[in-house]
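Engineer: Before I ask anything, let me first share the structure, which is written out below as structure tokens.
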Amino acid sequence: VDAVIREVDFRQMGLSEPPNAHQPFHAGRPGRVELWPPFEGDGEEEVEEGEEGWIDDASRLYADAIARQVKRWLAEAPVMATTQQPLRPGDILILVRSRTELASLIVARLYAQGVPVAGIDRLHLHKPLAVKDLLSAVSFAVQPLDDLNLAALLVSPLIGWSQDELYDLAHGRKGKLWPELAGRREELPRWAEAHRVLADWLAMADYVTPARFLEIILSGPLNGRRKLLGRLGEAARDPIEELVASALAFEQEEIASLDRFLAWFGRGEVEVKRDPAAPTDAVRVMTVHGAKGLEAPLVVLADATHDPDKVGGTSQIMEIGIRDVGKLPILRPRKDECAPIFRLLLNQAKDADRQEHWRLAYVGLTRAAERLVIAGVKPQGSVPEGSWDAAAGR
């Protein structure tokens, strides 16, 4: 930690004077720092894309490599000096700079490897696929003639069709998808079963509350919860339960109808925060900022190769302080239109972002009680000079 501070310069961290040198409280206890070469993915075994094809290959392969390494650590189960016990999942903390796709990928890959994982520290309830599938079921009950929504619902884990089955029904039809299914349901047993399930949802849509509607899908004859968890893994459990809890909260405030619930849910971002300090024997994946105050025997800084110039300062809106008025938002001017006052403000914002970047580096480096791993995906070209990886390696 002291070496990185010297390399970076304490002024870059927003400090007015050098900090005191760090003194070990357990000088006789072993410690270890590993600086992994930036991950390139060359020669790695190809990972099936699934629904992640839009994410670059290097990130998907890297997340898989992290998960396999964690599984190897747990299989080896070295005795940790800090706990005097073999390494457990709860001893491992994986930190990322921000909530990008990488955090979710690592969680998914850990689940795939059979490693207990607590999930990311914050959950935006609109984003998980399990929530989208359940909301699609509610949307169908409200508007069954929405072809795109019904098509997504048919191939979701709740109904379980393949894309080929959907194509066979939908291609060449003359009207809407729901009447098409109703008229041809006797042609195939799978079509008849899907029609029966969907017709039951329509039949109860007018007299059940949103929470009751969701719970019938999840716990009733369809076994929707089991189907969603079977396809999406245990990571889907928390979002499912939080969606039902949100429906119950809605019913305390509004008229408990399905269409009003959809409108209410769609008005804002519902964020679920987990307590990162809660005792759990599972690998934790969270942001460095969220890990303040925490400690773990083994810590992985998983995206230490990120470019700080691409983290902050990307907003198209900037604020200017006006005396006796306050802060006014204006559009960020282009470089050739930037008057001196704007250039000064932009430079100040960039300096503030860079100081926060190095303060977070300090937080990440000091979360490890015994073993620290610094790793990341190699960007195109070379590792940025301002990255945590570069500073730690110099």
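Engineer: What is the one condition in (1) in a helix (DSSP H, G or I); (2) free of Cβ contacts under 8 Å to residues at least 60 places away in the same chain; (3) closer than 26 Å to residue 260 by Cβ; (4) of a type outside the set (Asp, Glu) that residue 169 does not satisfy?
Structural biologist: Tallying (1) in a helix (DSSP H, G or I); (2) free of Cβ contacts under 8 Å to residues at least 60 places away in the same chain; (3) closer than 26 Å to residue 260 by Cβ; (4) of a type outside the set (Asp, Glu), residue 169 fails exactly one: (3).
Engineer: Given region 216-308, what strands (runs of 3 or more DSSP E) lie entirely inside it while holding 1 or more residues that are modelled with pLDDT of 85 or more, open to solvent by 10 Å² or more (accessible area, probe 1.4 Å) and touching a helix residue (DSSP H, G or I) at 6+ places or on another chain (Cβ under 6 Å)?
Structural biologist: Counting at least 1 such residues, we get 296-301.
Engineer: Return a yes/no flag: does region 338-359 have any residue that is modelled with pLDDT of 80 or more and in contact with a strand residue (DSSP E or B) (Cβ under 6 Å, 6 or more places away or on another chain).
Structural biologist: For region 338-359, residues modelled with pLDDT of 80 or more and in contact with a strand residue (DSSP E or B) (Cβ under 6 Å, 6 or more places away or on another chain): absent.
Engineer: Condition first: modelled with pLDDT of 80 or more and open to solvent by less than 80 Å² (accessible area, probe 1.4 Å). Can you find one or more residues in region 40-50 that meet it?
Structural biologist: Scanning region 40-50 turns up no residue that is modelled with pLDDT of 80 or more and open to solvent by less than 80 Å² (accessible area, probe 1.4 Å).
Engineer: Would you check if residue 333 is without any contact (Cβ under 8 Å) to a residue 12 or more places away in the chain, in a loop (DSSP other than H, G, I, E, B) and not aliphatic (A, V, I, L, M)?
Structural biologist: It is true that residue 333 is without any contact (Cβ under 8 Å) to a residue 12 or more places away in the chain, in a loop (DSSP other than H, G, I, E, B) and not aliphatic (A, V, I, L, M).
The values are calculated or read from the model by the stated rules, or taken from the named source; none is laboratory data. Everything numeric here is computed off the predicted structure, so don't read it as measured data. Glycine gets a Cβ as well: all are built from the backbone with ideal geometry, and neighbour counts include every protein chain shown. Accessible surface is based on the protein model in full, side chains and every heavy atom, while ligands, DNA and RNA are left aside. Shrake-Rupley method; radii C 1.70, N 1.55, O 1.52, S 1.80 Å.
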